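I have placed the structure first, in the form of structure tokens, so that the comments after it can refer back to it.
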Amino acid sequence: MELEVRHLRALCAIADAGSLHRAARQLGVAQPTLSTQLARIEQALGGPLFVRERTGCRPTPLGRTVLGRARPLLADMSTLVREARAAAAGGDSRLRVGSTASRALAGWLRRLRRPGLEPTLQMDVSANALLRRVAEGQLDVAFVHEVEGSPLHVPEGLRVRVLVEREPQFVMLPADHPAAARPVVRLADLADDRWMIDPTVDGEWDGVHRMLRAVGLNPRVLHGDYHTAASLVATGEVVTVCQPSSQSRPETAVRRLYGDPLGVRLLMAARTRAELDAVFPALEDAYWEVARQSTAYRDWLEGGWGPDASRCPVAAGGGGRVEFVRAR
């Protein structure tokens, strides 16, 4: 068997996801298929590439060597394809943007668009999948969120810049819910409600469950995406966590949770600092524009970050600008 690009992508996906199950889901294949493919790759290379453990997979020394060579090969291949397509299209420059859900996206893309530069957008609920695509050269930059307590798997060599160190997550509830009459909602006020959680969003299931268990709640939980959740909130069926920049509608209310028990870190990733520098200011402007359009979030920002300011290091005028590189 000869190694192909798809085999290298599979190895990187397993390493980044940390398990065959998660990697198979991200690649859109069945886990037995991926397991069989991995066995054939290991046979072709002459040794095991991953140690299988109860909690997942981790690379062997041979696996780390192969991954160290595979990642730049994948990035070079993606660059070759991108540049060839641009040349075939007459030199049109396209900025390939990836993102998890955010109300800042429209303003960000609008600020990036200019003569000779047309941004394209690839959405995904999985921040880890987007980071992997940046590392492989399939995307130029990605804007993602990292749920508190569920660290993302940042591929080696990626440069990451923090937009917001800790963005508090709010709650969306029906407008006629008794708790909606107050600007701040306690979790105990929602003890009898059904919650909707999207289990495909990296870290969200674990983060919400930790938040609820911390106050002794074990509510009924339904699974659904953001759009379904908003629709069911409007009909009084569920409550759900939401981004603080979410806007209330006539049928719904967005409220701060007392004590800000759940937060996310907002990150931008690229392969080089130059790529970050080229797009980060536009994202920063777009984010704070929508942040101030949300009454609940604006009140939170102007109120000094709530009862424990040390937990919420976000200034009302901009993000953290912390930057780090995942070492090779």
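Below are the figures for this structure:
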read-out: Rel. contact order, % - alpha carbon contacts under 8 angstrom, at least six apart, segment 155-267; value: 50
read-out: Net charge over other residues, Cβ less than 12 angstrom from the Cβ of residue 62 (K, R count +1; D, E count -1); value: +1
read-out: Cα gyration tensor, segment 1-62 - rounded (a/c under 1.5), prolate or oblate; value: oblate
read-out: Among [x] 37, 25, 17; [y] 36, 28, 20; [z] 25, 24, 21, the entry that matches semi-axes √(5λ) of the Cα gyration tensor in Å as calculated here; value: [x]
read-out: Alpha-carbon centroid distance for the pair segment 175-217 / segment 27-55, whole angstrom; value: 38
read-out: Accessible surface of the chain [probe 1.4 Å, protein heavy atoms]: carbon and sulfur percent; value: 52
read-out: Per residue, in Å², the accessible surface of the chain once ligands and nucleic acids are set aside, probe 1.4 Å; value: 47
read-out: Where 2, 148, 204 fall by accessible area, highest first, once all protein chains stay in place (1.4 Å); value: 2, 148, 204
read-out: Heavy-atom accessible area order for 298, 58, largest first, 1.4 Å probe; value: 58, 298
read-out: Prolate/oblate/rounded label for segment 90-184 (Cα gyration tensor, a/c 1.5); value: oblate
read-out: Spatial separation of Cα centroids for segment 240-295 and segment 97-129, in angstrom; value: 14
read-out: For the chain, share of DSSP beta bridges that run antiparallel, in % to the nearest 5; value: 65
read-out: GNM flexibility winner over the chain from 47, 107, 224 (Cα, springs under 10 Å); value: 47
read-out: Cα-based helix-to-principal-axis angle, 273-293 vs the chain, degrees rounded to 10; value: 20
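The values are calculated or read from the model by the stated rules, or taken from the named source; none is laboratory data. All values reported here derive from a predicted model rather than from experimental measurement. With ideal geometry, Cβ positions are generated from the backbone for all residues, glycine too; neighbour counts draw on all protein chains shown. Keep in mind that these areas ignore ligands, DNA and RNA; they rest on the heavy atoms of the full protein, side chains included. Shrake-Rupley method; radii C 1.70, N 1.55, O 1.52, S 1.80 Å.
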